[in-house]
Amino acid sequence: MGKRPYYSIRTGKNPYFQGIDFPFVKRLFCDLYLSFLRRGYFQEAFGYTCVDAGDVPGKLGDDDEIEAQILRNLRKTNLWPIHDKCLDYSEDDLFDVIELLYDWISRPVSQAGDYHSWNQCGWHYSVFDQQAGREEFRQEINEILRDYGSGFELSSQGEILALPEQGLDHLLRADLPEYDPQNVERRVEAAIHKFRSRRSSLD
């Protein structure tokens, strides 16, 4: 559910009402990541810590293995653990990590969870819904990204794209006449994707 603008935003008195700067984006991202982490949305990928069983690894393994996965996928070091490093990220680091988290997130299915009450250990889940987790993550991260700089969004394919300038958005969504899908539609789709990715090519 989208958040409504509160008083200082509506009246233009909030210093961030026309957009947010990068340090503020990182703070909001860190808070959002921790919120999903606490609710078990990364248990399938990262595992969890139990007062009885100790560290229970997820699909990606222990901390060293997760860090190795990040290195293999992003070719970068010093990004893990996210909650410790996120405030030091560059813009490229942040966008890379957001796209990677989109690939790894999954919503826990509450009916397939056990609450471990001893020492308030918490919920341990065994069944997850990746598509639902991705959609929730997209919706919430896009509330942050659209207000940063000229505006960005995380697409349903898990890519961060620039939002079109005001007045261009209807052109990017317009239906094409049914003429030659191979030579027209594909080229237009490729051009739109390149434009929004801020990469140029012969297409």
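The values are calculated or read from the model by the stated rules, or taken from the named source; none is laboratory data. No experiment lies behind these values; they were computed from the predicted model shown. Neighbour counts run over all protein chains shown; Cβ positions are idealised from the backbone, glycine included. Note: areas computed on protein heavy atoms with side chains; ligands, DNA, RNA excluded. Shrake-Rupley method; radii C 1.70, N 1.55, O 1.52, S 1.80 Å.
Considering (1) part of a helix (DSSP H, G or I); (2) surrounded by 13 or more Cβ atoms within 10 Å (Cβ to Cβ), the lone condition that Trp80 does not fulfil carries the number (1).
Checked against (1) within 30 Å of Leu163 (Cβ to Cβ); (2) at pLDDT below 90; (3) in a loop (DSSP other than H, G, I, E, B), Asp52 meets all criteria but (1). Close contacts from region 47-70, counting a first residue that is touching a residue at least 12 places away in the same chain (Cβ under 8 Å) and a second that is of a type in the set (Ser, Thr, Tyr) and open to solvent by less than 80 Å² (accessible area, probe 1.4 Å), with Cβ to Cβ under 7 Å and a gap of 6+ residues or different chains, come to Val56/Tyr48.
Looking only at region 99-115, residues that are open to solvent by less than 70 Å² (accessible area, probe 1.4 Å), modelled with pLDDT of 95 or more and in a helix (DSSP H, G or I) come to 5 in all.
Which numbered condition in (1) touching a strand residue (DSSP E or B) at 6+ places or on another chain (Cβ under 8 Å); (2) loosely packed, with under 11 Cβ neighbours inside 10 Å; (3) not in a loop (DSSP other than H, G, I, E, B) is the only one that Arg72 fails? Only one criterion is unmet by Arg72, namely (1). Considering only region 3-20, I want to know if a residue exists there that is in a loop (DSSP other than H, G, I, E, B), surrounded by 11 or more Cβ atoms within 10 Å (Cβ to Cβ) and at pLDDT 95 or above. No, that holds for no residue.
Please state which of the following conditions Gly149 fails to meet, knowing it meets all the rest: (1) open to solvent by 30 Å² or more (accessible area, probe 1.4 Å); (2) modelled with pLDDT of 95 or more. Single failed check for Gly149: (2). Scanning region 84-98 for residues that are more than 19 Å from Arg134 (Cα to Cα), surrounded by 12 or more Cβ atoms within 10 Å (Cβ to Cβ) and not hydrophobic (A, V, I, L, M, F, W, C) turns up Lys85, Tyr89, Glu91, Asp93. Taking each residue of region 16-44 that is of a type in the set (Ser, Thr, Tyr) and looking for partners that are open to solvent by 60 Å² or more (accessible area, probe 1.4 Å) with beta-carbon atoms closer than 7 Å, six or more apart or interchain, yields Tyr33/His83; Tyr41/Arg107.
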